[in-house]
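Scroll down for the structure; my scribbles are underneath it.
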Amino acid sequence: MRSTELTYVPQSTSKRRIGRGIGVAAAIAVAAAVTAPVAAHAATDTGAAESAATKLHDDFNGDGYQDLAVSASYGKVNGKSYAGYVAVVYGSAKGIDLAHKQVISQDTPGIPGVAETQDFYGGGLSAGDLDGDGYADLVVGADGESVGEVRSAGTLAVLWGGPKGLTGGTAVATGTEEDRVDSLHQTLGDFNDDGHLDLATGNRLLSGPFNRTTGAASSRTLALEPAYVADDVAAGDVDHDGITDLVALIHDDSDDDMHDPDYKHRRALYLRGTPDGLSKPVELKNPDGTRMRGGESLGIGDVDKDGFADLVIGRSNDGSGEVDLDDPLLKGGQIGVVHGSAEGPDTSRTTIITQNTPGVPGDSEWADGFGGNISVGDVNADGYADVSTGSSSEDIGEVYAAGQVTVLRGGTSGLSGNGAYSLSQNTKNVPGEAEQNDFFGADTKLLDVNGDGRAELFAGATGENRDGGVWAFPNPVNTPTATGSVSFGAGTLGTVAGSSALGGEFTR
C-alpha cells in the first residue's frame, strides 16, 4: 500500500487492520467445532426464512431497524491516546438517526475494563443476539489491551442489547502470554446447529449460549496451522446443508519479503459445519492441485441465488509495483469469487473482478487497494447478494490516496461488472471533497437501517481531517445514491478529534 506521512497509519492493505501489526499467535484450531455465522444470504435445504438470530443482526434496541456500529480504535478517551471508542447510530424509518446515538468506551459505566493508552478498543466488531433475548448484542475487541504484565494480550467483551439499546457488558475472553486474543478478526454463527450463536475469532472459539454473568458456555483455542495468522474469517452455508461453515484466510508470518503480494503464502481454509461442530480445515486448491491464493478481506453470500453461499475474497495487496506479479490481474487489487457447492467451495467455478473488468468504474493502477474492506448485502432486494469494496488508496484525479468505494451486483451469472458504480468524495452530492490521504473506503458496510429490505451503503475514511469520518448513502429505489448522503465525525459524536481513525471498522 502507498506510504503516508500520517503518524497513525490509518489504513493498511488488510481490511481487518488499521495499521497496527500486533503479533497475535495465529490459529484457528479445530479440534472442536464452529459452524458459520449469520450470513445474510445463507439458505437452508427447506428454503425456510432467515433465523430469528439473523433477522436481529445489528438491531440493538429491537425496533426492527438495524443499527450502525463503527469504531474509532485510535480515539482519545479521557486524555488517554489510542484508547479507542465505539459509536452506535440507531436506524429508523428515515435511515440512520444522528440524534439517536451512543459513544461507548471502556470508561462508560457498566462496560468492562478501563480506558488506557493503546488499548485500541473497537479494533474488531461483530453483532448478533448472543443471549437469545430478542435483541442484537455487540462484540467489541481491544487487541492492544494488556493483561497484567502481558502486553497486547487482547480482550473481547459483549455489550448487551435491550429496549434502550446497548447497556452494560461482560468480558468474555482475556488473552495470556501463550494464548493472546485475536480481536481483529471476528465472526458469529451457530457453528454446531444447536440454536445458539457462537463467536469465532482468528485464534479461538467461544461457544454459546452466552450469559450476562459468566459469558460463553465454553471457550477453546483454535489452531489452523503453526506459524500462521489470520487475515480474515467469515461464515455462511457454503454447502447448503442448513449448517453454517467457517472460512479463514491465513498467511505465514515467518517470511518477511514484504514487497511480494504472496510473500506470506496466503491461503484459504474451509471448515465444514456439522452437528458435531466443524470438520478439520481443508486448504482450498486450484483444479490443477496448486494452492489457491488467499487474500486480505473476506465476505460470504449467495451472489448467484443458487442456494449455496459463495466466497468473496478481496486481494488488495499488489506489491505496489515493486515485484513482478505472478498474476497480472493483481495489479491494483482484485476480487475473487469462489462459488459454493454441495461439496463446499468449488474452485473450478471462480470469477476474477478488477477495475479493468467491463462495467467496473476506474482503471487498475498500482496500490489502489481494490478488493479491500469487503461487505456483502442485497441492495435491491432481488435475492442476489451484492458486494461493496473499498479502494482506500485510490488516487482521485491528482489527489493521492483519496479513496473510493465500489458496489458490484450479483446476478444469475454471479458477481460481475454489470450495474457496478463507484463513489468518492468528489462525486456530486457526497459531503466533503477528495483530499490526500483521506483513505475513503477504509471500511465499507451494506446494512438495511430503514427496514425496507434493501441495504444502504456506509463508508469510512480514517484519514478524513486527520481524524476519520463515516458516510451514509440512502437507497431510495434499488441503488445507494449520493443524493441525500450525510457524513459524521467527532463533532457530531461529541468526541475528541485527533487521529482517532473513525470509520476503520464496522460490524461483521
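The values are calculated or read from the model by the stated rules, or taken from the named source; none is laboratory data. Everything quoted here is computed from the prediction, not taken from an experiment. Cβ coordinates were reconstructed from backbone atoms using ideal geometry, including for glycine residues, and neighbour counts include every protein chain displayed. Just the protein is used for accessible areas: all its heavy atoms, side chains included, with ligands, DNA and RNA removed. Shrake-Rupley method; radii C 1.70, N 1.55, O 1.52, S 1.80 Å.
Stretching the chain fully between residue 343 and residue 114 yields a gain of 77.8 nm (0.36 nm per residue, less the alpha carbon separation). Under 5 Å between amide hydrogens, built in the peptide plane, is the criterion, and for residue 203 it picks out 182 among residues at least 5 positions away or on other chains.
Close amide-amide hydrogen proximity is noted between residue 334 and 315, 316, each under 5 Å apart and 5 or more residues distant or on a separate chain (H modeled in the peptide plane; Pro and chain starts excluded).
Taking R0 as 60 Å, what's the FRET efficiency between residue 280 and residue 78 from their Cβ-Cβ distance, rounded to 0.05? The partial results should precede the final answer.
Values: r = 46 Å, r/R0 = 0.77.
Efficiency computed from Cβ-Cβ geometry: 0.80.
If R0 equals 22 Å, the separation of the Cβ atoms of residue 252 and residue 214 corresponds to a calculated FRET efficiency of about 0.05.
Since only 423, 383, 459 are under comparison, the one whose Cα sits farthest along the positive direction of the charge dipole of region 368-495, derived from C-beta charges on Lys, Arg, Asp and Glu, is 383.
Placing +1 on the Cβ of every Lys and Arg and -1 on the Cβ of every Asp and Glu, with no other charges, gives the chain a dipole of roughly 860 debye about its Cα centre. Ranking 207, 282, 436 by Cα position along the charge dipole of the chain, where only Lys, Arg, Asp and Glu carry charges on their C-beta atoms, puts 436 farthest toward the positive end.
Mind scanning 80/101; 101/305; 164/305; 164/428 and naming the pairs with a C-alpha gap bigger than 26 Å? Over 26 Å Cα-Cα: 101/305; 164/305; 164/428.
If R0 equals 45 Å, the separation of the Cβ atoms of residue 265 and residue 452 corresponds to a calculated FRET efficiency of about 0.55. If a spin label sat at a point 7 angstrom from the Cα of residue 194 along the line to its beta carbon, the backbone N atoms of region 210-246 nearer than 18 Å would be those of 210-222, 243-246.
Modelled spin-label separation between residue 178 and residue 103, with each label point placed 7 Å from Cα along the Cα-to-Cβ direction: 4.2 nm. Local charge for residue 180 was computed over the other residues whose Cβ lies under 12 Å away, with Lys and Arg +1 and Asp and Glu -1, and equals -4.
Find the relative contact order for the chain and round it to a whole percent, using C-alpha pairs within less than 8 Å whose residues are 6+ positions apart.
Rounded, it is 16 percent for the chain.
For region 205-213, the Karplus equation 6.51 cos²θ - 1.76 cosθ + 1.60, evaluated at θ = phi - 60°, returns couplings of 10, 10, 9, x, x, 9, 10, 5, 9 Hz by residue, with Gly and Pro reported as x. Between the amide H of residue 508 and those of 125, 126, 127, distances stay under 5 Å, these residues lying 5 or more places away or on another chain, with hydrogens modeled in the peptide plane.
Highest mean first, the peptides 110-116, 328-334, 443-449 sorted by other C-beta atoms within 10 Å per residue fall in the order 443-449, 328-334, 110-116.
Quick one: go through region 407-423 and flag any residue whose amide nitrogen is under 18 Å from the point 7 Å out along the Cα-to-Cβ line of residue 429. Label zone hits: 407, 420-423.
Karplus-based coupling profile of region 404-412, in residue order and whole Hz: 8, 10, 10, 10, 10, 9, x, x, 4, with θ = phi - 60° in 6.51 cos²θ - 1.76 cosθ + 1.60 and x standing for Gly or Pro.
Mind running the shape call on region 362-508? Use the C-alpha gyration tensor, a ≥ b ≥ c as the square roots of the eigenvalues: rounded below 1.5 for a/c, prolate if a/b tops b/c, oblate otherwise. Provide the component values of the computation, followed by the final result.
Working: a/c = 1.90, a/b = 1.31, b/c = 1.45.
Judged from the Cα gyration tensor, region 362-508 comes out oblate (a/c at least 1.5, b/c at or above a/b).
Evaluating 6.51 cos²θ - 1.76 cosθ + 1.60 at θ = phi - 60° for every residue in region 136-148, the Karplus couplings come out as 5, 10, 10, 8, 10, x, 10, 6, x, 4, 8, 10, x Hz, glycine and proline recorded as x.
Rounded to the nearest 10 square angstrom, residue 316 shows an accessible area of 10 square angstrom against a 1.4 Å probe.
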